[in-house]
Each structure stands twice: as C-alpha cells, then as structure tokens.
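Here's the structure, in structure tokens; my notes come after.
The values are calculated or read from the model by the stated rules, or taken from the named source; none is laboratory data. Predicted, not measured: the structure shown is a model, and the values here were computed from it. So basically every Cβ, Gly included, is an ideal-geometry build from the backbone, and we count neighbours across all protein chains shown.
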Amino acid sequence: MAAMPNRSIASNWFELSVDEAGQFLVCPEPVDGAELVIGHLRGRRADLPFLADVGAQHAKLDRRSGLRTGEAWHLTPLGGELVLLDGLAVGSEGVTLTDGAEVELAVNLSFRYELPDPGSTTAILRLGRGATCGDSTAIVLLGRGPGGRLRLGRKRGCHIPVPRLEEELDLWIEGRRLILHSASGVQHNGQLEESEVGLPCPPPRRVDVSVGKVKDGRPPFALCIAATQIEAPTASSGAILSDEPAAAEGLDATNGEQPGADVK
C-alpha cells in the first residue's frame with residue numbers, strides 16, 4: 001500500500017527567505033510521527049511536490065529510532081519507484097539517512113542530506129540540478145524544540161551559512177510559536193529590537209526581520225518569513241492509494257498530465 005499524504009501536515013510550514021543564502025521551505029517535524037511523501041506536483045498526492053520525472057508518490061521520509069543511529073530520518077521508495085543513495089539502488093525496506101548522503105529520485109531531482117550541527121536534530125535537503133519545491137531550493141526538516149534549532153551564521157556547523165552575519169541567529173519551535181534569537185538583537189515589522197522574539201507559526205502574513213544594526217554603511221542583515229504556498233494533497237482522508245508508479249496510472253512522468261493532453 002502506498003503512503004497516505006497528510007493534508008494537515010503542512011499547516012505550520014513556512015518559507016524563509018534569507019539575504020545572500022536564498023529561499024528555504026521549513027517543515028517542522030510532525031509531533032505524531034507522520035510521514036512526508038515526495039512525489040509529482042501534478043499528481044497532487046505528495047506533501048513535498050516537484051515538477052520532475054517522478055511518480056505521483058515516489059518516496060517517503062519518516063523519523064525512526066535505532067540503537068546505533070538514535071532518532072533519524074528514514075527514506076523509503078514507494079510503489080517500486082527507483083531511489084538511489086550514493087549511486088546504489090535503495091531496497092523496499094528503505095535506508096536511514098546520514099550526513100552527506102546523496103539521494104537521486106530522477107535525472108532531474110536529487111538532493112544532498114546535511115546534518116551540519118551534531119547538537120541539533122534539524123536536517124537540510126539541499127536540492128540539486130535546478131530542482132525546486134515551490135520556489136525553494138532547499139528544504140529544512142526542523143527538529144522539535146530548542147534541540148532542533150536552526151542556526152544561521154558564519155561559524156562552522158551553521159545550517160544556513162551567512163558570511164556577513166557576525167552574531168548567530170537561531171530559530172526553533174515552541175508549541176505553535178516560532179522563536180528567533182540573536183545576541184545582536186532581532187527586530188520585526190518595525191517593532192522594538194529584542195534579543196529574542198516569538199511569532200505565530202506560520203505567521204498570518206509576511207514578517208520582515210532584521211538582525212543587528214547598521215555597520216560601516218551596510219544595513220542590518222535581513223530575512224523574511226511567510227506561510228508556504230505549497231498546496232495540500234487532494235487525496236481524501238482514508239483513501240487507499242495504488243502502489244503503481246505514476247506512469248502506470250496514465251500520467252506522463254514529466255508533467256503529470258494524461259498522455260496527449262494539452263498542457264495549459
């Protein structure tokens with residue numbers, strides 16, 4: 001049986017646009033152990049959709065516990081789809097991802113799995129070959145609480161390297177709030193500067209954030225946070241999805257349309 005996409009799993013996802021670093025889709029770790037399904041955008045059955053040569057439901061990511069690995073992300077192919085890890089095919093039982101793993105789902109969809117900070121459970125999926133998820137070129141699998149903090153800065157071990165950010169900026173989830181902390185001060189939407197601020201997660205509207213002060217004529221470091229535009233899967237709750245790849249359902253792997261259909 002194929003994995004069931006979770007219609008509510010993206011309810012607290014957000015997009016993070018960072019000066020000098022690009023745009024990131026931030027996915028807080030589900031508290032109920034839900035799976036993240038990777039698949040074709042137009043198949044409308046995936047939590048993480050891509051316009052690439054993949055099936056409607058190509059693979060899934062979920063958190064698992066192991067004696068040697070502890071809590072870690074596990075990647076499993078779905079419906080017999082091909083998934084390569086460091087050039088080798090992944091079996092139906094899946095594989096636990098480790099720092100630096102190179103994953104290929106299609107010729108035009110791959111990612112590098114990164115765990116830059118051993119003290120944080122947050123991982124980065126760094127997309128390759130021009131792939132995007134929505135408008136983002138990387139996906140942040142944000143761990144729970146302060147132990148899953150997302151680090152931005154110039155120091156070694158930061159998840160998002162930013163050479164000109166002298167004082168590190170940390171982000172983490174507390175309940176339904178996103179916490180931002182920096183010793184150099186955080187200001188958002190014109191509010192008074194504080195070392196730590198809390199925002200609704202996701203924010204109801206775009207939030208512009210600045211860190212630090214004007215220095216040597218350069219403005220403070222800037223980023224913005226906004227609710228994601230990723231659409232929820234359309235499969236109805238409780239439906240059983242086929243194990244067959246998208247091609248077996250009559251979908252063209254490149255654009256997800258019926259063969260011969262006009263793409264508008």
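Please specify each residue of segment 185-219 satisfying the condition of being free of Cβ contacts under 8 Å to residues at least 24 places away in the same chain, within 24 Å of the chain's Cα centre (by Cα) and over 17 Å from L169 (Cα atoms).
P204, R205, R206
Can you work out which of the residues in segment 32-45 that are within 14 Å of the chain's Cα centre (by Cα) and closer than 17 Å to A138 by Cα is surrounded by the fewest Cβ atoms within 10 Å (Cβ to Cβ)?
L36
Filter segment 67-100 down to residues that are small (G, A, S) and outside any loop (DSSP other than H, G, I, E, B) and give me whichever is farthest from the chain's Cα centre (by Cα).
Per the stated criteria, the residue is A89.
Rundown of residues vs (1) at pLDDT below 90; (2) under 24 Å from L152 (Cα atoms); (3) buried (at least 24 other Cβ atoms within 10 Å of the Cβ), yes/no style:
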| residue | (1), (2), (3) |
| --- | --- |
| A10 | yes, yes, no |
| S17 | no, yes, no |
| G22 | no, yes, no |
| V26 | no, yes, yes |
| P30 | yes, yes, no |
| L51 | no, no, no |
| R64 | yes, no, no |
